[in-house]
1. Enumerate lysine pairs in the chain that are 8 or more residues apart or on different chains, then count those whose Cα atoms are under 27 Å apart.
2. Could you order peptides 89-96, 73-80 by the average number of other Cβ atoms within 10 Å of their residues, highest first?
3. What is the packing order of peptides 43-54, 4-15, taking the mean over residues of other C-beta atoms within 10 Å and listing the highest first?
4. How high is the FRET efficiency between Lys24 and Arg78 when r is their beta carbon distance and R₀ equals 41 Å, given to the nearest 0.05?
5. Assigning unit charges at the beta carbon (Lys, Arg +1; Asp, Glu -1) and nothing else, what dipole magnitude in debye, to the nearest 20, does the chain show about its Cα centre?
6. Let me know the shape class of the chain, please: from the alpha-carbon gyration tensor, a ≥ b ≥ c as square roots of the eigenvalues, rounded when a/c is under 1.5, otherwise prolate if a/b is greater than b/c, or oblate.
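Just so you know, all these numbers are worked out from the coordinates, no wet-lab data involved. Predicted model, so just to flag it, every value in this text is computed and none were measured. Counting neighbours? That spans all protein chains shown, and the Cβs are built from the backbone with ideal geometry, glycine included.
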Amino acid sequence: MFAVIKTGGKQYRVAAGSLIKVEKLAASSGAKVEFKEVLLIGEGAEAKIGAPFVEGAVVTAEVVEQARAPKVIAFKKRRRQNSKRTRGHRQMLTLVRIAEIVAG
């Protein structure tokens, strides 16, 4: 069984035991988190589709670690103007292990 959850403005397809990287959550390593914004749960003909969320459905997970994504370089150059700009960015991520999916 799998579920589609929404967190950090993005949607993720998750199954029990899967490891996913999501936008930074305010939780320390080892903490339990619950995702209540479940868009779809189940598989095949038994799938429940929410409007917008499935009522009573909860996905519980455990925070593995807080991490940062690889650096992304934004380089802009204006030719023949002797002008250039370099900026770097590292997104904050939370590594999460899905513990269980509970249909309401």
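1. Lysine pairs, 8 or more places apart or on different chains, close enough: 23.
2. Put in order of decreasing packing, that is 89-96, 73-80.
3. So the order, starting with the most tightly packed, is 4-15, 43-54.
4. Once the sixth-power term is evaluated, E becomes 0.75.
5. 1720
6. Judged from the Cα gyration tensor, the chain comes out prolate (a/c at least 1.5, a/b above b/c).
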